[in-house]
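Report on the structure given below.
Here, each number is a calculation from the coordinates, and none is a lab measurement. Just so we're clear, the structure is a prediction, and the values are computed from it rather than from any experiment. Cβ coordinates were reconstructed from backbone atoms using ideal geometry, including for glycine residues, and neighbour counts include every protein chain displayed.
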Amino acid sequence: MLATDWVTISALATAGGTLVLALATFASVRSANRAARVAERSLLLGLRPLLLPSKLDDPQQKVGFSDEKWFVVEGGRGIAEVGEDAIYLAISVRNVGSGIAVLHGWNFYPTPQRGDSMHRPPEQFTRLTRDLYVPVGDFGFWQGAFRDPTTPEFAAARQAIEARGWMTVDLLYGDYEGGQRVISRFSLQPREDGGWISGIGRHWNLDTPDPR
């Protein structure tokens with residue numbers, strides 16, 4: 001009859017216990033990481049803005065430019081006007097997201113842009129001279145201007161506005177911490193009364209996964 005090798009049995013038992021402890025630790029760490037990711041995502045969702053055209057029955061807004069030029073923008077509409085030394089643009093927007101929207105920049109196209117056509121890189125956007133804020137569940141506005149009549153962009157915008165064409169504006173914005181940047185594609189379409197109505201084409205997530 002063979003003698004019991006208690007040293008070997010003890011070593012095997014210790015190794016088995018260590019393996020079980022390692023597996024339990026791995027599972028615990030993995031679960032904690034998953035919980036942390038869920039908590040972080042929930043926090044980010046609570047800060048995420050999303051801009052759409054404002055409602056047609058939203059109140060009018062008074063929009064002023066640095067040269068003391070003032071406009072009244074109605075809900076769901078925009079402004080596109082050619083002056084002697086400047087072209088003025090504005091759109092009434094509504095934040096349907098869960099966080100404050102901070103507008104950073106814009107890109108203007110004098111022609112319609114399909115939703116599947118790609119946006120320009122963020123570094124090519126015209127930066128706003130001041131941050132514009134749109135509260136959660138409320139309306140606000142975007143404004144921009146061309147001020148150099150000698151540039152091709154000024155000439156193209158003038159031609160599109162005077163021809164009463166369909167124009168496109170991409171807006172770059174994010175949350176109040178400067179993250180979760182989004183580009184939303186708005187349109188300005190001519191109305192029979194001489195004004196402009198705004199629409200939305202598509203949104204792109206820049207700092208978070210974009211499934212499209």
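Overview of values
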| quantity | calculated |
| --- | --- |
| Hull volume in cubic angstrom per residue (convex hull over the Cα atoms of region 146-192) | 112 |
| Integer Hz, Karplus 6.51/-1.76/1.60 couplings in order for region 177-185, x for Gly and Pro | 8, x, x, 6, 5, 10, 10, 10, 9 |
| Local net charge near Pro53, Cβ-Cβ under 15 Å (Lys/Arg +1, Asp/Glu -1) | +1 |
| Cleavage-rule hits, GluC sites (Glu not before Pro), region 59-165, DSSP coil, Cβ neighbours within 10 Å at most 15 | Glu68, Glu84 |
| Amide proton proximity set for Asp138, modelled H, under 5 Å, gap of 5+ | Asn95 |
| Modelled label reach - Arg158, point 7 Å along Cα→Cβ, region 69-103 residues with backbone N closer than 17 Å | 80-89 |
| Low-density loop positions, trypsin sites (Lys or Arg not before Pro), region 99-166 - DSSP coil, at most 15 other Cβ in 10 Å | Arg114, Arg147, Arg164 |
| Convex hull volume per residue in cubic angstrom - Cα atoms of region 51-205 | 109 |
| Difference of contour (0.36 nm per residue) and Cα-Cα distance, Arg127 to Asp67 | 19.8 nm |
